Each structure stands twice: as structure tokens, then as C-alpha cells.
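What follows draws every value from the coordinates through simple rules; no lab data is involved. This one's a predicted model, so the numbers in the text were calculated from it and none came from an experiment. Every residue, glycine among them, receives a Cβ derived from its backbone with ideal geometry; neighbour counts consider all protein chains shown.
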Amino acid sequence: MSSVTAVPLRAIRRPTLIALWVGIAALVVGAFLLASQGTRAQVAMAQPPEVFLAANAKRSGVVTTPSGLQYKVERAGTGPKATAQDLVIVNYDGQLANGESFDSSAKHGGPATLPVGGLIPGWVEGLQLMKKGAKYRFWIPPALGYGPQGAGNGVIPPDALLVFDVDMLEIVSRPPGMPGMPGMGGMGGMDQPPEGVSQQ
């Protein structure tokens with residue numbers, strides 16, 4: 001007959017027990033938040049753009065133009081607004097509806113010099129709302145972006161809603177006689193618009 005040696009167990013002190021339960025609760029909450037963020041991103045991409053834009057239009061500070069472009073002024077600028085004939089120097093970040101960044105001025109080494117009139121329609125309209133020093137967020141419906149063809153060899157899917165954060169650093173009036181815009185004869189040595197904003 002074997003005998004069992006009794007090992008005396010020390011009682012777990014109350015503060016240690018509380019810390020253990022708090023740690024477990026924090027892990028559960030963290031896992032839930034991580035899972036819900038992934039689910040939110042998947043839902044945003046699965047939603048038709050018109051459903052997303054209808055809900056977005058109800059958010060505080062969001063303005064919808066007659067074309068369907070939506071914007072929010074993060075910071076108002078000063079001076080005259082950009083025109084379709086101007087060049088602008090901007091920092092920008094382009095994202096899909098799920099928040100995934102597909103292009104940014106930082107990826108190209110810093111601020112981008114762009115011809116307002118030579119870009120996708122959502123940018124042409126949006127930039128003309130901005131003054132020097134302004135920062136806007138734009139929600140661009142597919143019809144004002146890349147439509148059913150998408151762009152960037154699948155980086156921007158067909159019928160994608162585009163979200164851009166744009167910081168207007170400078171507005172430069174285009175001198176008379178300057179060569180045309182991309183898609184209309186080139187820029188005469190100026191930077192070409194990045195993938196996410198140029199006309200295709």
C-alpha cells in the first residue's frame with residue numbers, strides 16, 4: 001500500500017489573485033479588440049461604396065459635394081484656393097476603405113508636386129477646395145477615382161472607394177505657355193503624379 005505525502009500548499013494572497021484576474025481580463029479584451037478591428041476592415045471592404053458613403057455622410061464635419069466627393073476639413077488654410085491650372089505641393093496618404101495604405105508621398109521620398117488638372121476627378125475637385133496650409137480628408141467614390149478598371153496592377157481594386165489625407169504645402173500658379181498636364185502632352189520634366197492620383 002502506497003502512502004501519499006501531503007504537500008502543504010500556501011494560500012494565494014488576495015492581491016495576487018486580483019492581479020491574475022485583471023491580467024486574464026486584459027488578454028481577453030485585447031484579443032476581442034484585435035478580432036473586431038480585423039472584422040471591421042473586412043466589412044468595410046465588403047460594403048458597397050455607396051453604403052459606406054451614405055453612413056459616412058452622417059459623421060460630424062463630413063461634407064458631400066454634388067458630384068459625390070466627401071471631405072472633412074482637418075485644418076483650414078489661408079489665401080486663395082488652388083485652381084485646375086495650378087501646380088500644388090502636397091503630402092498625402094492614400095488608403096482603401098479598410099484603412100490599408102496603397103500609396104503616400106512619403107513612399108516617394110517626400111512632398112509631391114502635382115498638376116491639379118491632370119489628376120483623377122476626385123483630386124481635381126478636392127484640391128480646388130483647399131488653400132495653402134490646409135489639411136483635408138477625402139473620400140472618393142469609384143466614379144471619381146478609377147471606376148471598374150481599378151489601378152496599379154490590382155493594388156487599387158475595381159470600384160474601390162479611395163480615402164486620402166492631403167496636406168497642402170504650397171500652391172504654385174502655372175506660368176503661361178507651360179507644357180500640358182499628364183495625359184495631355186506631358187509635364188515638361190515635372191514630377192509625374194503618383195499611381196494613386198494620376199489619370200489612367
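I need D159, D103 ordered by Cβ neighbour count within 10 Å, fewest first. Please list the in-between numbers first.
Numbers: D159 16, D103 22.
Exposure proxy ranking, most exposed first: D159, D103.
Ranking request for peptides 21-33, 56-68, 86-98, 142-154: highest mean number of other beta-carbon atoms within 10 Å first, then the rest in descending order.
On the way: 21-33: 10.0, 56-68: 11.9, 86-98: 20.2, 142-154: 16.2.
Peptide ranking by packing, descending: 86-98, 142-154, 56-68, 21-33.
If you stretched the chain out fully between A84 and S60, how much longer would it get, using 0.36 nm times the residue separation minus the C-alpha to C-alpha distance?
Stretched out fully, the A84 to S60 stretch lengthens by 5.8 nm.
For the range 52-172, what does the alpha-carbon gyration tensor say about shape, rounded, prolate or oblate, given a ≥ b ≥ c as the root eigenvalues, a/c under 1.5 as rounded, and a/b over b/c as prolate?
oblate
Among I120, I140, rank each residue by its count of other Cβ atoms within 10 Å, from fewest to most, as a rough exposure measure.
Working: I120 22, I140 29.
Ranked by crowding around the Cβ, least crowded first: I120, I140.
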